[in-house]
Each structure stands twice: as structure tokens, then as C-alpha cells.
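Asker: Pasting a structure below so you can have a look.
The values are calculated or read from the model by the stated rules, or taken from the named source; none is laboratory data. This structure is a prediction, so every number in the text was calculated from the model and none was measured. FYI the Cβ positions are ideal-geometry reconstructions off the backbone, even for glycines, and counts take in every protein chain you see.
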Amino acid sequence: MAYLNCSNQSMLTLIWAKLRYLEQLLSVNPEFSYGEASLSYGELLYQMKDYAAATAHLEKHLKSWSSPAGYLMLADIQASQQKADAARETLETLIIKIKGYVPFQYRKNAHYIRKAEQKLKTLKA
């Protein structure tokens, strides 16, 4: 996941505009685009390194939408905050959920299993 370089003032203004837009959109329709707007909001918070807000939002997001990218972001945040047990649990939950998908969805999301397994190996080391 690439982090945004916020040294440029116009880039920072654009990021805040996106954040405000997504906040307004989510306040009107939290289910917009099957949770994609909510995931984008969490991703922006993650990229801005506002980990407390990102964690709170992603935990709320994952209660409604089982998005593999959300689980990976949450696990990254937990691992960076030295919460290896929570990160491990998040990654294991992701793997179990994907393995329970119907075959089409499983094939579509199998790469997330590989990413989660790689992250689990680094957590155990």
C-alpha cells in the first residue's frame, strides 16, 4: 500500500477534499456502492497515517462489509502498533472468511489469502 506524500500543499488540499466528500456521502448513504465508499474513506485515513481513526472506521466497516482489503489494512495498522495478536486474529479471520466463499468469489479473492499468509509469517518471526 503506497502512502501519500503530503508535503505538497495542493495534494494535502485534495486529500482533505476527498475526505470531506466521503464523509458527506457516508452520512447520507452508508451503503453506497456496497461499502466501497466506506472502504475508500478508511483507506484515506490509513494513507494519512491517522491510525486511530482508521482503526475505528475499519472495525465499524468490517462489521457491515466483509472486504478483504479492509482486513489487510486493519492488520497492517495493528502490526505497526505492536498488537501482533490482534493482527494475527484479523488475518486468520480474513483467511477463514475467504475460504468459506463460493468458488467464484474464492477464486476472485484467493490472492488475499496469499497476502494474509505472508503477513502471518512475518508476525511469527
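Asker: So, Ser27, is that one under 28 Å from Met11 (Cα atoms), over 13 Å from the mean Cα position of the chain (by Cα) and free of Cβ contacts under 8 Å to residues at least 12 places away in the same chain or not?
Answerer: So Ser27 fits the description; yes.
Asker: Would you mind stating whether Lys49 is of a type in the set (Lys, Arg) and part of a helix (DSSP H, G or I)?
Answerer: No; evaluated as a whole, the condition is false for this residue.
Asker: Another question about this same structure. Can Ser40 be described as farther than 27 Å from Leu12 by Cβ and modelled with pLDDT under 95?
Answerer: no
Asker: Mind checking whether some residue in region 4-20 is under 30 Å from Tyr106 (Cα atoms) and either buried (at least 18 other Cβ atoms within 10 Å of the Cβ) or in contact with a helix residue (DSSP H, G or I) (Cβ under 9 Å, 6 or more places away or on another chain) (or both)?
Answerer: no
Asker: Then there's this: Is it the case that region 90-110 has a residue that's out of contact with any helix residue (DSSP H, G or I) (no Cβ under 9 Å at 6 or more places or on another chain), aromatic (Phe, Trp, Tyr), at pLDDT 90 or above and on the phi < 0 side of the Ramachandran plot?
Answerer: Yes: region 90-110 contains one or more residues that are out of contact with any helix residue (DSSP H, G or I) (no Cβ under 9 Å at 6 or more places or on another chain), aromatic (Phe, Trp, Tyr), at pLDDT 90 or above and on the phi < 0 side of the Ramachandran plot.
Asker: Please determine whether any residue of region 72-81 is within 14 Å of the chain's Cα centre (by Cα), more than 25 Å from Lys124 (Cα to Cα) and buried (at least 22 other Cβ atoms within 10 Å of the Cβ).
Answerer: Checked against the condition, which is being within 14 Å of the chain's Cα centre (by Cα), more than 25 Å from Lys124 (Cα to Cα) and buried (at least 22 other Cβ atoms within 10 Å of the Cβ), region 72-81 yields no hits at all.
Asker: Looking at Leu72, Leu62, which one is in contact (Cβ under 8 Å) with a residue 24 or more places away in the chain and in a helix (DSSP H, G or I)?
Answerer: Leu72
Asker: Related question: For region 83-122, give me each residue that is hydrophobic (A, V, I, L, M, F, W, C), part of a helix (DSSP H, G or I) and without any contact (Cβ under 8 Å) to a residue 12 or more places away in the chain.
Answerer: Selection gives Ala86, Ile96, Phe104.
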